[in-house]
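Heads up: the structure comes next, in C-alpha coordinates.
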Amino acid sequence: MADETRVDRWLCAVRLVKTRPMATQLCEAGHVRVNGHPAKPSTKVRAGDVVHALIAERERIVEVVRPIEMRVGASAAAECYVDNSP
(Lines give C-alpha, C1' and ligand atoms only; values in the text may rest on other atoms or scores of the structure.)
Protein backbone atom coordinates (compact mmCIF):
# COMPACT_ATOMS: atom_id res chain seq x y z
CA MET A 1 0.00 0.00 0.00
CA ALA A 2 1.32 3.44 -0.89
CA ASP A 3 2.09 5.90 1.90
CA GLU A 4 1.33 8.81 -0.42
CA THR A 5 -0.63 9.36 -3.61
CA ARG A 6 -1.50 12.18 -6.04
CA VAL A 7 -4.36 14.35 -4.82
CA ASP A 8 -6.24 14.03 -8.14
CA ARG A 9 -6.12 10.23 -7.96
CA TRP A 10 -7.08 10.25 -4.28
CA LEU A 11 -10.11 12.54 -4.75
CA CYS A 12 -11.40 10.17 -7.41
CA ALA A 13 -10.50 6.99 -5.49
CA VAL A 14 -12.45 8.05 -2.38
CA ARG A 15 -15.42 9.08 -4.55
CA LEU A 16 -15.43 12.81 -3.75
CA VAL A 17 -15.45 13.43 -7.52
CA LYS A 18 -16.80 11.19 -10.27
CA THR A 19 -13.74 11.12 -12.53
CA ARG A 20 -10.02 11.79 -12.33
CA PRO A 21 -10.13 14.42 -15.12
CA MET A 22 -12.75 16.24 -13.01
CA ALA A 23 -10.36 16.16 -10.02
CA THR A 24 -7.54 17.42 -12.25
CA GLN A 25 -9.73 20.33 -13.44
CA LEU A 26 -10.60 21.26 -9.84
CA CYS A 27 -6.89 21.38 -8.97
CA GLU A 28 -5.98 23.42 -12.05
CA ALA A 29 -8.81 25.87 -11.35
CA GLY A 30 -7.46 26.45 -7.83
CA HIS A 31 -10.35 24.78 -6.01
CA VAL A 32 -8.20 22.28 -4.11
CA ARG A 33 -5.85 23.03 -1.21
CA VAL A 34 -3.71 20.58 0.76
CA ASN A 35 -2.71 21.70 4.27
CA GLY A 36 -3.61 25.26 3.31
CA HIS A 37 -1.49 25.37 0.13
CA PRO A 38 -2.90 25.44 -3.43
CA ALA A 39 -2.63 21.93 -4.87
CA LYS A 40 -1.60 20.88 -8.36
CA PRO A 41 -3.01 17.56 -9.63
CA SER A 42 0.39 15.96 -8.88
CA THR A 43 0.51 17.19 -5.26
CA LYS A 44 1.09 14.22 -2.95
CA VAL A 45 -1.22 13.52 -0.01
CA ARG A 46 -0.32 11.41 3.02
CA ALA A 47 -2.25 10.21 6.06
CA GLY A 48 -2.98 13.20 8.30
CA ASP A 49 -3.09 15.77 5.47
CA VAL A 50 -6.14 18.04 5.30
CA VAL A 51 -7.69 18.56 1.86
CA HIS A 52 -10.02 21.51 1.18
CA ALA A 53 -11.93 21.16 -2.06
CA LEU A 54 -14.76 23.15 -3.62
CA ILE A 55 -16.80 20.44 -5.32
CA ALA A 56 -20.09 21.33 -7.01
CA GLU A 57 -20.39 24.64 -5.11
CA ARG A 58 -19.91 22.80 -1.79
CA GLU A 59 -16.86 23.18 0.41
CA ARG A 60 -15.46 19.80 1.46
CA ILE A 61 -12.86 19.60 4.23
CA VAL A 62 -11.51 16.08 4.58
CA GLU A 63 -8.61 14.61 6.51
CA VAL A 64 -6.72 11.86 4.71
CA VAL A 65 -6.75 8.61 6.72
CA ARG A 66 -5.45 6.33 3.97
CA PRO A 67 -3.93 7.43 0.65
CA ILE A 68 -5.38 5.04 -1.94
CA GLU A 69 -5.06 5.15 -5.74
CA MET A 70 -7.70 2.73 -6.98
CA ARG A 71 -11.41 3.62 -6.82
CA VAL A 72 -13.19 1.52 -4.19
CA GLY A 73 -16.77 0.99 -3.05
CA ALA A 74 -18.50 3.75 -1.12
CA SER A 75 -18.20 2.04 2.28
CA ALA A 76 -14.48 1.34 1.80
CA ALA A 77 -13.93 4.89 0.49
CA ALA A 78 -15.55 6.37 3.61
CA GLU A 79 -12.87 4.66 5.74
CA CYS A 80 -10.10 6.50 3.84
CA TYR A 81 -10.98 9.98 5.10
CA VAL A 82 -12.59 11.91 7.95
CA ASP A 83 -15.16 14.42 6.68
CA ASN A 84 -14.94 17.74 8.56
CA SER A 85 -17.08 19.65 6.06
CA PRO A 86 -19.36 22.37 7.44
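The values are calculated or read from the model by the stated rules, or taken from the named source; none is laboratory data. Keep in mind the model is a prediction, meaning the values are calculated, not measured. All Cβ positions, even for glycine, are placed from backbone atoms using ideal geometry, and neighbour counts span all protein chains on display. Surface areas here come from the heavy atoms of the whole protein model, side chains and all, with no ligands, DNA or RNA. Shrake-Rupley method; radii C 1.70, N 1.55, O 1.52, S 1.80 Å.
Please give the calculated 222 nm ellipticity per residue for the chain, where each DSSP H segment of at least 4 residues contributes -39500 (n - 2.57) and the sum is spread over every residue; nearest 500 deg cm²/dmol?
Helix contribution divided over all residues of the chain: -6000 deg cm²/dmol.
Taking K and R as +1 and D and E as -1, what net charge do the other residues with C-beta under 15 Å from the C-beta of Arg20 add up to?
Net charge in that neighbourhood comes out at +3.
Below 8 Å, C-alpha to C-alpha, sequence gap of six or more: please give me the relative contact order for the chain in percent.
Once normalised by length, the contact order is 32 percent.
Quick check: pseudo-label points 7 Å beyond the Cα along Cα→Cβ at Met22 and Asn84, how many nm apart are they?
2.5
Per residue Cα convex hull volume for segment 1-77, in cubic angstrom?
In segment 1-77, the Cα hull volume divided by residue count equals 79 Å³.
Given charges of +1 on the Cβ of Lys and Arg and -1 on the Cβ of Asp and Glu, with all other atoms neutral, how large is the dipole of the chain about its Cα centre, in debye to the nearest 20?
220
How much area per residue is accessible in segment 1-57 when the probe is 1.4 Å and only protein heavy atoms are counted (Å²)?
57
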